[in-house]
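Chemist: Dropping the structure in here first, questions after.
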Amino acid sequence: MDWSRAKTIFIITFILLNSFLFYQLRELNHHNQITMIIEATLQERLNEMNIIIEDTLDDEIQSGFLIVGKNVVISEEEVSELKEQEITFVNETTMISRLKEPYPLEQGSMSQQVKSFLEEYVLNGDMYRFSQQDEERNQLQFMQQYDEKIMYSFDEAPLILQLNDQSEIVAYQQMMYEVDETGREQEFLSGLKAIERLLNEQLITANQTITQVDFGYYSFFKQVGDVQVFAPMWRISVEGEDYLVNAIDGSVQDVF
C-alpha cells in the first residue's frame with residue numbers, strides 16, 4: 001500500500017468533513033439567530049399592544065409527527081383481575097364497568113381521589129388525563145395521552161366515569177388507542193409563533209390577556225373503522241375564548 005497516498009487522502013477527507021460540519025454549524029447558528037430576532041420582535045409587538053401572557057410557554061416542543069390511534073382489542077383475561085366491579089363488553093374494543101360499591105369523591109381532594117381510582121380500578125388508568133365534566137350527564141370525561149400530551153378525540157371520550165347524585169363513581173366506560181407516528185418528522189411552530197398567527201388573524205387584540213397556551217393532539221374527523229388521526233395543535237385561551245392553531249401549517253381551527 002502507498003502510505004503517502006493514503007495519508008494524503010485521509011487528510012483531504014478530514015478537511016472536507018470539517019468544512020461540512022463547520023457549514024452545518026454556521027447554518028444552525030444563523031437559523032437560531034433569525035429565530036431569536038423574530039421572537040424578540042414579536043415580544044415587542046405584544047408589549048406595545050399591552051397583551052399579557054400569563055402561562056409559561058413550552059420551548060421543548062420543536063418537531064414531531066402526525067399520530068394515528070388504533071382501537072385496542074380488550075380481552076376478558078385483561079379485565080379479569082379488576083377488583084370490585086362487573087364488566088360487560090359493548091364490542092371487542094369498548095367495555096362498561098359497574099362498581100359493586102360506589103366510589104366516593106370529596107370536593108376538597110377530588111383530583112387525588114380520581115387519580116387513585118384510575119390506578120386501582122381502571123385498566124392502564126395512568127394513560128388517561130381529565131378533559132372535562134359533563135354536568136348534564138353527571139360524568140367525568142378523560143382523554144388518552146401520548147408522550148405526556150393529551151389526545152382530544154372528535155368522537156366520545158375514551159374513558160367516561162359515571163357519577164351518581166352523591167358525586168360517587170358508580171360505573172365507567174373505557175376504550176384505548178394503540179398510538180403510532182405517521183408521515184415524516186416536521187418542524188413545529190413554537191407557542192409564541194402560534195400566538196402570532198392569532199394576532200395576524202386579529203383574533204387577539206390590544207389589552208387582552210392570554211391565560212393558557214397548551215400543546216396537544218386533536219382529531220377533527222369521525223373515526224374511520226378502528227383508526228383515528230390526530231394533528232399537533234396549540235390550544236390558546238384568550239379571556240374565555242379558545243383557539244386551536246395547527247403546529248405544522250399554522251392554520252386556525254375551531255374548538256369542538
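The values are calculated or read from the model by the stated rules, or taken from the named source; none is laboratory data. On a predicted model such as this, the values are computed, not experimentally measured, just so you know. With ideal geometry, Cβ positions are generated from the backbone for all residues, glycine too; neighbour counts draw on all protein chains shown. Note: areas computed on protein heavy atoms with side chains; ligands, DNA, RNA excluded. Shrake-Rupley method; radii C 1.70, N 1.55, O 1.52, S 1.80 Å.
Chemist: If Ala206 meets every condition in (1) of a type in the set (A, V, I, L, M); (2) in contact with a Phe, Trp or Tyr (Cβ under 7 Å, 6 or more places away or on another chain); (3) part of a loop (DSSP other than H, G, I, E, B) apart from one, which number is that one?
Modeler: Here Ala206 clears every test but (2).
Chemist: Is it the case that some residue within the stretch 215-231 is under 18 Å from Asp59 (Cβ atoms), in contact with an Asp or Glu (Cβ under 7 Å, 6 or more places away or on another chain) and touching a residue at least 24 places away in the same chain (Cβ under 8 Å)?
Modeler: Start the filter on the stretch 215-231 by keeping residues that are under 18 Å from Asp59 (Cβ atoms), which leaves 215-216.
Among the residues that remain, those that are also in contact with an Asp or Glu (Cβ under 7 Å, 6 or more places away or on another chain) are: 215.
From the residues that got through so far, the ones that are touching a residue at least 24 places away in the same chain (Cβ under 8 Å) too are 215.
Within the stretch 215-231, one or more residues are under 18 Å from Asp59 (Cβ atoms), in contact with an Asp or Glu (Cβ under 7 Å, 6 or more places away or on another chain) and touching a residue at least 24 places away in the same chain (Cβ under 8 Å).
Chemist: Here's another thing I want to ask about it. Within the set of pairs 6+ apart or on separate chains, which have a first residue in the stretch 89-117 that is among the basic types (Lys, Arg), a second that is outside any loop (DSSP other than H, G, I, E, B) and open to solvent by less than 30 Å² (accessible area, probe 1.4 Å), and C-beta atoms under 9 Å apart?
Modeler: Matching pairs, first to second residue: Arg98/Gln85; Arg98/Ala171; Arg98/Tyr172; Lys100/Gln85; Lys115/Gly125.
Chemist: Show me the strands (runs of 3 or more DSSP E) entirely contained within the stretch 33-152 in which 3 or more residues are over 23 Å from the mean Cα position of the chain (by Cα) and surrounded by fewer than 15 Cβ atoms within 10 Å (Cβ to Cβ).
Modeler: Values: elements: 63-71, 85-91, 94-104, 128-134, 139-146, 149-152.
The strands (runs of 3 or more DSSP E) meeting that bar are 85-91, 94-104.
Chemist: With the condition kept exactly as written, say whether any residue in the stretch 232-244 is out of contact with any helix residue (DSSP H, G or I) (no Cβ under 7 Å at 6 or more places or on another chain), in contact (Cβ under 8 Å) with a residue 60 or more places away in the chain and assigned to a loop (DSSP other than H, G, I, E, B).
Modeler: Within the stretch 232-244, not a single residue is out of contact with any helix residue (DSSP H, G or I) (no Cβ under 7 Å at 6 or more places or on another chain), in contact (Cβ under 8 Å) with a residue 60 or more places away in the chain and assigned to a loop (DSSP other than H, G, I, E, B).
Chemist: State which residue is surrounded by the fewest Cβ atoms within 10 Å (Cβ to Cβ) when the search covers only the stretch 218-231 and only residues that are among the aromatic types (Phe, Trp, Tyr) and outside any strand (DSSP E or B). Steps first, please.
Modeler: Initially, the stretch 218-231 is screened for residues among the aromatic types (Phe, Trp, Tyr), giving 218, 220-221, 230.
So of that shortlist, the ones also outside any strand (DSSP E or B) come out as 220-221.
On the way: Phe220: 15, Phe221: 9.
By that ranking, first place goes to Phe221.
Chemist: Which number in (1) open to solvent by 70 Å² or more (accessible area, probe 1.4 Å); (2) closer than 19 Å to Glu44 by Cα marks the one condition that Leu199 misses?
Modeler: Here Leu199 clears every test but (1).
Chemist: In the set Ser153, Ser167, which member is small (Gly, Ala, Ser), touching a Pro at 6+ places or on another chain (Cβ under 8 Å) and in contact (Cβ under 8 Å) with a residue 60 or more places away in the chain?
Modeler: On the way: Ser153 fails: touching a Pro at 6+ places or on another chain (Cβ under 8 Å).
Answer to the check: Ser167.
Chemist: Just checking, does the stretch 161-180 include any residue being open to solvent by less than 70 Å² (accessible area, probe 1.4 Å), polar (S, T, N, Q), touching an Asp or Glu at 6+ places or on another chain (Cβ under 9 Å) and assigned to a strand (DSSP E or B)? Don't jump to the end; show me each part of the working.
Modeler: Taking the stretch 161-180 and keeping what is open to solvent by less than 70 Å² (accessible area, probe 1.4 Å), we get 161-164, 167-177, 179.
Retained after the next criterion (residues that are polar (S, T, N, Q)): 162, 164, 167, 173-174.
Among the residues that remain, those that are also touching an Asp or Glu at 6+ places or on another chain (Cβ under 9 Å) are: 167, 173.
Subset that is assigned to a strand (DSSP E or B): 173.
Yes, because at least one residue in the stretch 161-180 is open to solvent by less than 70 Å² (accessible area, probe 1.4 Å), polar (S, T, N, Q), touching an Asp or Glu at 6+ places or on another chain (Cβ under 9 Å) and assigned to a strand (DSSP E or B).
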